[in-house]
Every structure is written in C-alpha cells, then in structure tokens.
Ligand SMILES: [Zn+2]
C-alpha cells in the first residue's frame with residue numbers, strides 16, 4: 001500500500017502492513033497463526049524483524065499451534081475506542097513453541113474477571129477490513145478443557 005496514513009480501525013488497533021508483519025496479520029485467512037522463524041538457528045521471532053537478531057539468518061513465516069498461556073494481562077476499563085465495549089482484556093500470551101515467544105492480543109469469549117495468569121488459551125481470528133484489505137487479527141479464547 002502506498003498510502004501511509006492509518007485509518008481509525010473498526011475495532012481492534014491494527015498496525016500498518018509491512019513485508020515483515022504481513023504474514024502475522026493475514027495468516028488467519030487460512031486459520032493459521034504465522035510467526036517468523038529463523039531459517040538458520042530455528043528460533044521463533046516475534047514481533048517480526050527484518051532478519052534474525054541472534055544469528056542474522058533469514059526469517060520465514062511458519063504456522064504455530066496457536067496454543068499458549070496468559071503470561072500477563074490488564075483489564076481495560078477505558079473506552080479508547082467507541083467500537084470496543086469495555087471492559088476488555090489485553091494480554092501477553094506466551095506461545096507453546098518457545099519460552100520467550102510472546103504475542104500481545106485481546107482475550108475474548110470469557111468474562112474479563114475470569115482471566116488468570118497461566119490460563120490456557122487458544123488463538124482465533126477476527127476479520128477486519130482496513131482500506132479494502134482483510135486483516136485477520138489474532139485474539140485468544142480460553143482453551144477447551
Ligand atoms: Zn537465527
């Protein structure tokens with residue numbers, strides 16, 4: 001996209017797409033959470049970077065299981081965006097694939113008060129159209145017991 005301005009997102013806060021983060025925001029079209037992984041040292045890297053900060057290797061988006069645990073979270077009561085009803089939960093989810101592999105995302109489909117650190121969660125995707133382009137925003141819901 002040549003237009004650098006960011007429109008008011010319809011719901012979640014959505015960043016501009018770049019070559020480095022495009023897979024993350026569009027993998028949900030195939031139901032996949034795509035995280036960049038180093039083709040050299042095989043580390044998962046998030047947020048995406050131009051190349052591996054550990055070995056300089058090339059990064060390639062790869063699907064992860066989408067399963068993880070709540071590492072930390074906050075319950076937001078401030079209506080920053082009228083399209084998003086409060087309260088809602090913003091969490092850092094640690095993905096199962098690697099100890100330091102974390103994703104910032106909303107926790108959905110549960111009472112905000114029920115969210116706990118260490119809670120098992122599973123990714124799902126919310127589709128939003130921005131500038132005529134579909135984004136698939138990863139959010140997490142409590143994992144089925
Ligand atoms: Zn590497």
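Any read-out appearing in this document is the output of simple, stated calculations on the displayed coordinates, not a laboratory observation. Please read all numbers here as calculations on a predicted model, not as lab measurements. Using ideal geometry, Cβ is built from the backbone for each residue, glycine included, and neighbour counts are taken over all protein chains shown.
Data overview
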quantity: Against the rule of thumb 2.2 N^0.38 Å, how large the Cα Rg of the chain comes out; calculated: 1.06
quantity: Label-point separation, residue 141 to residue 128 (7 Å along Cα→Cβ), nm; calculated: 1.9 nm
quantity: For the chain, built as a Gaussian network whose Cα springs stay under 10 Å, the top-fluctuating residue of 78, 122, 67; calculated: 78
quantity: For the chain, built as a Gaussian network whose Cα springs stay under 10 Å, the top-fluctuating residue of 68, 31, 132; calculated: 132
